[in-house]
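The values are calculated or read from the model by the stated rules, or taken from the named source; none is laboratory data. On a predicted model such as this, the values are computed, not experimentally measured, just so you know. Here Cβ is always computed from backbone atoms with ideal geometry, including for glycine, and neighbour counts include all displayed protein chains.
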Amino acid sequence: MPTCRRKRVLLTEPSPALLEALKTNPNKEVYYLSQTGEIFDTYESYAARMSFYRLKQFQCEVTGKSGLDYFQALESERQEARTMHLRFPEPLKAAVLKAVQWQVMGRLDHLVEAVYERFKDRYFPDERVYVDIDGDKYSARIVQVFPSRGSFGQSISRNSPAAVASSSSSPLSDEEQPIHKIAEDLKIPVKDSIARDDPTKYFYKVQILDEEKQPGVRNHDKKGKEPTKAKWGGSLMDVQCSMMSRDRLTFSKSILRRFIRDCVDRDAAVASPWTVKLAIAERYGVNTVMPDDIRKGVEDIKKGEIDKRKKAWEDKEGPATKKQKKMTAATEHKVKVLAAAAEKREREAREKAEQFQKVKEETERLAAEKKKKKPIRYPTEDLDVVIGEKEKKAGMKLKKPPPSRAGMPFGTNHAANEGFLMAWNFLVVYGQPLHLSPFTMDDFEQALRHTAPDFPCPMLAEIHATLIYNLRTVPFTRHSAVLSLLASRKKPQSKDGLVLGISTDRLVSALAEQGNNWERAPLRHSEGRDGWEESLVGCLKDHANLETFPRLREVLTRLLFAPEPSPESESTPVSTPTPNLLSVPAFPAKRYYTLPPEDRIAILAFMCNLAVSSKAIHAHLEWCEEQLTALRKEKIEVNRTKKQYLEEMNGLNGENKDKDGKAALNGTDEDAVVQDSSDLSDVSDGDTDTPSSARQRESRRAKERETARVKSASAKQALAEHRRLDEEVNKLERRLEGIEREFRKLLGSVRIKPLGRDRFYNRIWWFDGLGAASLLGSGGTVQYGTGRIFVQGPSEFDIEILERREDVEARRQQEEGEGRLGVGEWAVYNELEEIDAYIAWLNPKGVRELALKNAFAKWWSHIGPGIRKRAAASNDLVNNAKLPEARRSARTKHAGHDILREPYMMWTNRKAVNASMT
């Protein structure tokens, strides 16, 4: 069976409810996994199991190959089993299986050793073997096996061809006798089995196979051997085991171990015997009913092992403390007799198992002494990492700083936060094909909360207009929303069939008059996209239905109807309509700003999901793939050039060091020689300095000065070259940083990935610098899109992995506390101090947290400044908002002016293309 983390994967049994349904409802529909034969009653359980099998975390138990999914590991085991059964000698299988049946051994290796020692020199009829004659090996087939006979006193020499000469009749008897029967009983010691049935005294009649049919037999180049080999081809001869051998590919300890492991099984109880699988035992004639004497021996061994463990437990924990009752003399005598009989049985059982136990214990003791405890190799699985006292003393944080759920843009509204993040990411990442300038997430949030119809929000107009233009290229069904609403009349949303006070028929009637020309309506950028609200209604009418957009009826009702205006006089408060009820037809241009942010997010999320399939987005994705390939090639070239420059710089440093060292040595020697010679000349010559000697000294000094100038010029040139290369390396490093930023932008367009996951599979997201957004502005200034770090809870599959561990719940409660997130739940770190604390909590000994910590370190030069810049912008907004309060009068004329000064109202779309979107 394939293994997962060193444990066998057990198949899922049918649930009790499914078994009960088999009796009561045999025609119940179920989900069947044909590869394993498992049956599931729900699709979720079937999909979860299939997803588990598709993970690349399984290992082939036979070959040890890892990184496979379950089906690949299972196929690998089956293929290896087929290969092994084809290689293993067929005549040997029955004898080996009879020998291992009912054996009690703790380790499979010990069983393999015992079987190998018994059968390595024993051969069976119809086996293919190698026969050694005069140093040459011949492939042969065993025709007949003769047990040892005392009457046959002739010995056969291993290297004597005359002794094995072909003959028409054998001196041995042809009557059949049982062969190697004692070897099948592993309870008999090896020495006793050899003494009673010596394999070296067996004789084998073998037939040498023809040379042309022996591709694996080695041939020597000795002269005169060819006629000899031709002589033995096809002949019969009698040989002994000393002249025979098996191919190592067919019989060795490793292949024997694989054969036994594939054919036998064992219960998990203490001292359980190895048993041959039923189908294999029936095929090879192995007894499947345990004999009484073997059963008694197994029970005695099991009882002895249990008593041994019980005694060890009592020695450790102390004897039982229950109060003993007084026994009568007869009862006491009876107990003594039974105890004596039991003690005798135990002693006999211990004597039988003593040899096995001694060998087992001695082998395990020696193995334990030789085997050193391997230290854990880090990084490892994060949940296996335990914080020790050393880490605690070093100040490692034990509890994760809780991320803020309330700090999310829409608080704890999970659906709204999910749609908001998706819509903002789509609009920013695909800003190039959508012709949208980037905007921050804070501005996007404020735009969705804008409720002043007298001051239209340009960001909302540009976003909806560009999506509407994009959806004109996506196929749609005319009046899809109307048809869906008419079909849903039989399923009213409320008791009276009304939603917000409007019936389906009235909504359909109002909808028929709106947005009929939306795919041709001009939404000009120069005119502020006037009319985009009506085009939005038309777009929803042709693209949406109640299945793809569940809130369609509520949204359309709010866009097309308004509440009845309140009467000027408050004398009749009873006639005031309920605020939640709508009754008066209205225009979408006025009603859009009354939509709650959740409905606006639902509209944008629906439109973004449709826009993914547009031609413009597809073309942009293909362009991104091409750019990614070009960047990968450029990165390779830049790294190669950088390596070449570094090698040249190292070469220059080495040459300068060599020249400096030689110059220092030579200069010292020359100075000393010059000084010595000048001193000697002064002493020896005195005032008798001739003109010729003076000219020689001047010439020598001129040469030295010239040499010094050449050396100085060379050093200056080398230094200048070193500086040039250093500048080139710095340029290449800056280019590599630029490539990384470009790679992140393009890869974010193709598939967005989190920064990483922590030990509890929480996903960490940083959305800045993706797609059309840039991490750096003009002049290298830092830019941000979100300016924060988002945390998403583990998925359902991750929760299933966590639940397989026993202590993970208590550990999550201890280490995460209030910051523990549910499946897919979102939270956020807004402050830089919180993120620093979270990074300090990460343990680099785990594989996931090491990768996450490295990702933080890689992008921290952009994450940190972005968070600080967002915090500074927020402080400026707060201060600017507080300043007018002191000067504001009772008049409300300044309200519009204040709104227009908000950053989200000052955003302009610099990428708008008037030529194509007019």
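Could you please let me know if residue 742 is outside the structural domain of residue 44 (by TED's automatic domain parsing), assigned to a helix (DSSP H, G or I) and in contact with a Leu (Cβ under 8 Å, 6 or more places away or on another chain)? When the stated conditions are applied, residue 742 passes them. Considering only segment 791-799, I want to know if a residue exists there that is surrounded by fewer than 16 Cβ atoms within 10 Å (Cβ to Cβ), touching a residue at least 12 places away in the same chain (Cβ under 8 Å) and more than 21 Å from residue 381 (Cβ to Cβ). Within segment 791-799, not a single residue is surrounded by fewer than 16 Cβ atoms within 10 Å (Cβ to Cβ), touching a residue at least 12 places away in the same chain (Cβ under 8 Å) and more than 21 Å from residue 381 (Cβ to Cβ). On inspection, residue 787 passes the criterion of being outside any helix (DSSP H, G or I) and touching a Gly at 6+ places or on another chain (Cβ under 7 Å).
A quick yes/no check of all residues on (1) outside any helix (DSSP H, G or I); (2) at pLDDT 85 or above:
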{"position": "482", "(1), (2)": "no, yes"}
{"position": "490", "(1), (2)": "yes, no"}
{"position": "506", "(1), (2)": "no, yes"}
{"position": "510", "(1), (2)": "no, yes"}
{"position": "518", "(1), (2)": "yes, yes"}
{"position": "524", "(1), (2)": "yes, yes"}
{"position": "530", "(1), (2)": "yes, yes"}
{"position": "535", "(1), (2)": "no, yes"}
{"position": "542", "(1), (2)": "no, yes"}
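Report yes if some residue within segment 35-42 is aromatic (Phe, Trp, Tyr) and without any contact (Cβ under 8 Å) to a residue 24 or more places away in the chain; otherwise report no.
Taking segment 35-42 first, the residues aromatic (Phe, Trp, Tyr) are 40.
Narrowing the set further to residues that are without any contact (Cβ under 8 Å) to a residue 24 or more places away in the chain leaves none.
Checked segment 35-42: no residue is aromatic (Phe, Trp, Tyr) and without any contact (Cβ under 8 Å) to a residue 24 or more places away in the chain.
Residues that are of a type outside the set (Asp, Glu) and touching a His at 6+ places or on another chain (Cβ under 9 Å) number at least 1 in the following helices (runs of 4 or more DSSP H) confined to segment 390-451: 431-434. Within segment 254-296, the set of residues being charged (D, E, K, R), outside the structural domain of residue 103 (by TED's automatic domain parsing) and under 22 Å from residue 306 (Cα atoms) comprises 292, 293, 295, 296. If you go through segment 807-839 and keep only what is part of a helix (DSSP H, G or I) and within 24 Å of the chain's Cα centre (by Cα), you end up with 808, 809, 811, 812, 815, 838, 839. Looking at 768, 836, just one residue is crowded, with 20+ Cβ neighbours inside 10 Å, acidic (Asp, Glu) and more than 25 Å from residue 381 (Cβ to Cβ), and that residue is 768.
Would you tally the residues in segment 582-611 being in contact (Cβ under 8 Å) with a residue 24 or more places away in the chain and not in a helix (DSSP H, G or I)?
Of all residues in segment 582-611, those in contact (Cβ under 8 Å) with a residue 24 or more places away in the chain come to 582-583, 585-595, 597-608, 610-611.
Cutting the leftovers down to not in a helix (DSSP H, G or I) gives us 582-583, 585-587, 595.
Looking only at that region, the number is 6.
The numbered conditions (1) modelled with pLDDT of 90 or more; (2) assigned to a loop (DSSP other than H, G, I, E, B); (3) out of contact with any Lys or Arg (no Cβ under 9 Å at 6 or more places or on another chain) are all true for residue 794 except (3). Screening residue 12 with (1) over 21 Å from the mean Cα position of the chain (by Cα); (2) assigned to a loop (DSSP other than H, G, I, E, B); (3) loosely packed, with under 11 Cβ neighbours inside 10 Å gives one miss only, at (3).
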